[in-house]
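**Q** Sending over a structure as structure tokens; questions will come in a sec.
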Amino acid sequence: MSESIYYWQVPMPEWDFPIRITKRVNCKEDIQISDWSLHWHEHLEFQFILKGGIRLTCADQNQWVHGGDIFFANWCEPHHAVDFEDETVYYVLQVELSWLLNEQKDMRLARYRDALMIRAQNFDRFIYHDQKLCSIFSEIIKEYESKQIGYEVCIKGLFLKVLGLLFRNHFHSDAISGTFYLYDNSMQYTRSVL
């Protein structure tokens, strides 16, 4: 019998800034009393673990992430928590992909947006001990919590850096043909019409 998959609407705190960052603390018993159903949404989701551990399921993988690890659920990718260690502290960062990569005329950025949407299976979902990414997520959280003037621009830049590092270090391009780097004129024309 297969498990049901639910669509979860992700409410953004600000309509014009489609990022949601939530600090959570969970213990082992929480898996029994809250809804951790297999779900999907249109947002990229990162879980940045500070302390403890979470066992998560995503794309037929079921693994633990611990302090200093990151879980990545791509756009529309079903995922859910399965278990917690006691006193697990982590941040959930959710961001709308179209806000990050919506440059209609920029084919270079468009190919990365398309790869995120179409090539989800080529990304690592469980990222272990990547100090660069952890450092950037810490900066994003600091900017978000301080809300100093210009924080939105800083956060967008930091998320773009996260995407760059995901492609550089956690995207398996060898699993696809060399066409990822080719955007011919017909693709550019199709994009301009759409």
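**Q** DSSP loop (so not H, G, I, E, B), at most 12 other Cβ within 10 Å: list which trypsin sites (Lys or Arg not before Pro) in the range 115-167 pass both filters.
**A** Numbers: sites: 119, 125, 132, 142, 147, 156, 161; in loops: 119, 125, 147.
Hits after loop and neighbour filter: 147.
**Q** If the reach is capped at under 18 angstrom between alpha carbons, list the lysines near residue 161, excluding any in the same chain fewer than eight residues apart.
**A** Straight-distance partners of residue 161: 132, 142.
**Q** If you don't mind, there's one more thing I want to ask. With +1 on each Lys and Arg Cβ and -1 on each Asp and Glu Cβ, and nothing else charged, work out how big the dipole of the range 8-83 is about its Cα centre, in Debye to the nearest 20. Provide the component values of the computation, followed by the final result.
**A** Numbers: 6 positive and 11 negative charges, 63 e Å.
Computed charge dipole of the range 8-83: roughly 300 debye.
**Q** From the phi of every residue in the range 123-129, what ³J(HN,Hα) in whole Hz does the Karplus formula 6.51 cos²θ - 1.76 cosθ + 1.60 yield, where θ is phi - 60° and glycine or proline is x?
**A** Coupling constants for the range 123-129: 9, 5, 8, 10, 10, 9, 6 Hz.
**Q** Carbon-plus-sulfur fraction of the accessible area of the range 81-172, 1.4 Å probe, in percent?
**A** 51 percent
**Q** Enter the angle in degrees (range 0 to 90, nearest 10) between the Cα long axis of helix 131-146 and the first principal axis of the Cα atoms of the chain, meaning the one along which they spread out most.
**A** It is inclined by approximately 80 degrees.
**Q** Sorted by mean Cβ packing within 10 Å, highest first, what order do the peptides 20-31, 85-96 take?
**A** 85-96, 20-31
**Q** If you place +1 on the Cβ of every Lys and Arg, -1 on the Cβ of every Asp and Glu, and leave all else neutral, what size is the dipole of the chain about its Cα centre, to the nearest 20 Debye?
**A** Here the size comes out at about 640 debye.
**Q** Taking the Cα centre of the range 94-137 as origin and charging only Cβ (+1 Lys, Arg; -1 Asp, Glu), how large is the dipole, in debye to the nearest 20?
**A** Its charge dipole is roughly 120 debye.
**Q** Right, something else. Could you grab the relative contact order for the range 104-177? Cα pairs under 8 Å, six or more apart, rounded to a whole percent.
**A** Reported relative contact order: 40 percent.
**Q** For the chain, what's the relative contact order in percent, using C-alpha pairs closer than 8 Å and at least 6 residues apart?
**A** 21 percent.
**Q** How charged is the neighbourhood of residue 80? Take every other residue with its Cβ under 15 Å from the Cβ of residue 80, and add Lys/Arg as +1 and Asp/Glu as -1.
**A** Cβ neighbours under 15 Å give a net charge of -4.
**Q** Right, another one. Would you work out which of 138, 39, 160 lies farthest towards the positive end of the dipole of the chain, given +1 charges on the beta-carbon of Lys and Arg and -1 on that of Asp and Glu, about the Cα centre?
**A** Of 138, 39, 160, it is 160.
**Q** Measuring with a 1.4 Å probe in the full set of protein chains, what accessible area per residue, in whole Å², belongs to the range 83-160?
**A** 51 Å²
**Q** What do the square roots of 5 times the Cα gyration tensor eigenvalues come to for the range 1-118, in whole Å, largest first, as semi-axes of the equivalent ellipsoid?
**A** Here the semi-axes work out to 27, 16, 14 Å.
**Q** Where only protein heavy atoms count, and the probe is 1.4 Å, what is the accessible area per residue for the range 1-72 in Å²?
**A** On the way: 4030 Å² over 72 residues.
Solvent-accessible surface per residue comes out at 56 Å².
**Q** Add +1 for every Lys or Arg and -1 for every Asp or Glu among the other residues with Cβ under 15 Å from the Cβ of residue 125, and state the total.
**A** Residues near residue 125 contribute -4 overall.
The values are calculated or read from the model by the stated rules, or taken from the named source; none is laboratory data. What you are looking at is a predicted structure, and each value in this text was computed from that prediction instead of being measured. Cβ coordinates were reconstructed from backbone atoms using ideal geometry, including for glycine residues, and neighbour counts include every protein chain displayed. With ligands, DNA and RNA removed, areas are computed over all heavy atoms of the protein, side chains included. Shrake-Rupley method; radii C 1.70, N 1.55, O 1.52, S 1.80 Å.
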